[in-house]
Amino acid sequence: MQDLEPVRANYLAKVAAAANEAAIEALRVATLGKKGEISLMMRELGKMSPDERQRAGPRLNALRDEINAAIVARKAALSDAALTERLKAEWLDVTLPASPAAKGTIHPVSQVTDEVIAIFADLGFAVAEGPQIETDWYNFDALNIPPEHPARQEHDTFFMARAAGDDRPPHVLRTHTSPVQIRYMAEHGVPCRIIAPGRVYRCDYDQTHTPMFHQVEGLAIDRDISMANLKWVLVEFCRAFFEVEGVELRFRASHFPFTEPSAEVDIRCSWAGGQLKIGEGDDWMEILGSGMVHPKVLAAAGVDPMVYQGFAFGMGIDRIAMLKYGIPDLRAFFDSDLRWLRHYGFAALDIPSIHAGVSA
């Protein structure tokens, strides 16, 4: 077999002189490819005698491995050099971490609605929904609201237009979610325990009122429900929602057309230092209205008031959100100010649950 040293020196010199990755790949094919010079030498081993093969085989293997190692090392060096030159020419460093993507937040109204639903679900209440455009009958008549009541005037309610000559009472943007209770009882019957969260509309606009706001009403109807059950439900709700163990409620006699007796509900609080604290102090703050469902309302829903009775209550979701999270102005809820949303909004994984805390 020919002397392998000149072959070795020739190819190592060519490897060292290769200027780019294409040249080093061509050199690999010329030496180690199927028809490369060293590959052809390896094939000659089969034609040799055992003694010649024993002497030539190790030398050829050593030459092949050395050339291959040199090619691999040179290829890596050329690749690194090419990357370095490319990065020098590019203005963008792709190795830098990406800029953080902007994240949206959950609106406080959505968060508090979910908190309220989670609490009442734990108390056995289902969620009922209804249309936001209601008939005059569902919004007023079925709820025992007389024709002369102020709520049925244009200064308090948004009425829908009727075509000329149409004498039917106009539809309205619902002023409360109480019509949902009528629809639910008429469709599903009683006994029942439901809450009805949703948007409602009234002609009012100031720091604590907006033309559109959110409300949740509750209804429980059975054969032996009393005001005592109402008080227990509201105390349990306030304890869970405000996350205060010692909650004290005060029921004041009031009047609503759809409940009899009716009661405004106040919660004990403190305004010391301008900060609201629930469950302590000598002040009282009104948070909701409630009462026993009026027999005429039950009858309008197709329920026998001589057999069934129950309680109802209603509160503003926006209002209790303001109380719990220290939001000073109701109008800011609907301004679509991203700074406000980032400050008061919630992360997407802040899922309300009773066992983890309603605002966990």
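The values are calculated or read from the model by the stated rules, or taken from the named source; none is laboratory data. Quick caveat, the model's predicted, so the values are computed rather than measured. In this analysis, Cβ positions are derived from the backbone assuming ideal geometry, glycine residues included, and neighbour counts consider all displayed protein chains.
At a glance:
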item	result
Ile195 vs. criteria buried (at least 21 other Cβ atoms within 10 Å of the Cβ), at pLDDT 95 or above and in a helix (DSSP H, G or I)	no
Scan of the stretch 307-329 for residues that are assigned to a strand (DSSP E or B), touching a Pro at 6+ places or on another chain (Cβ under 9 Å) and surrounded by fewer than 22 Cβ atoms within 10 Å (Cβ to Cβ), ordered by number	Gln309
Counted residues, the stretch 264-275 - those being over 24 Å from Glu217 (Cβ atoms) and either surrounded by 17 or more Cβ atoms within 10 Å (Cβ to Cβ) or under 30 Å from the mean Cα position of the chain (by Cα) (or both)	1
Residues being touching a helix residue (DSSP H, G or I) at 6+ places or on another chain (Cβ under 8 Å) and closer than 22 Å to Phe256 by Cβ - total across the stretch 153-175	6
Filter result (surrounded by 19 or more Cβ atoms within 10 Å (Cβ to Cβ) and assigned to a loop (DSSP other than H, G, I, E, B)) within the stretch 226-246	Phe242
Test: residue in the stretch 170-186 that is over 18 Å from Leu288 (Cα atoms), surrounded by fewer than 13 Cβ atoms within 10 Å (Cβ to Cβ) and in the same structural domain as Pro257 (by TED's automatic domain parsing)	no
Subset of the stretch 260-306 (residues that are in contact with a helix residue (DSSP H, G or I) (Cβ under 8 Å, 6 or more places away or on another chain) and of a type in the set (S, T, N, Q))	Ser290
Long-range neighbours under 9 Å by Cβ, at least six apart or interchain, first residue not assigned by TED's automatic domain parsing to the domain that holds Phe313 and of a type outside the set (Val, Ile, Thr) within the stretch 256-285, second assigned to a loop (DSSP other than H, G, I, E, B) and crowded, with 17+ Cβ neighbours inside 10 Å	none
Residues satisfying the stated conditions in the stretch 69-124, i.e. at pLDDT below 90, surrounded by 15 or more Cβ atoms within 10 Å (Cβ to Cβ) and of a type outside the set (D, E, K, R)	Ala70, Ile71, Leu78, Thr105
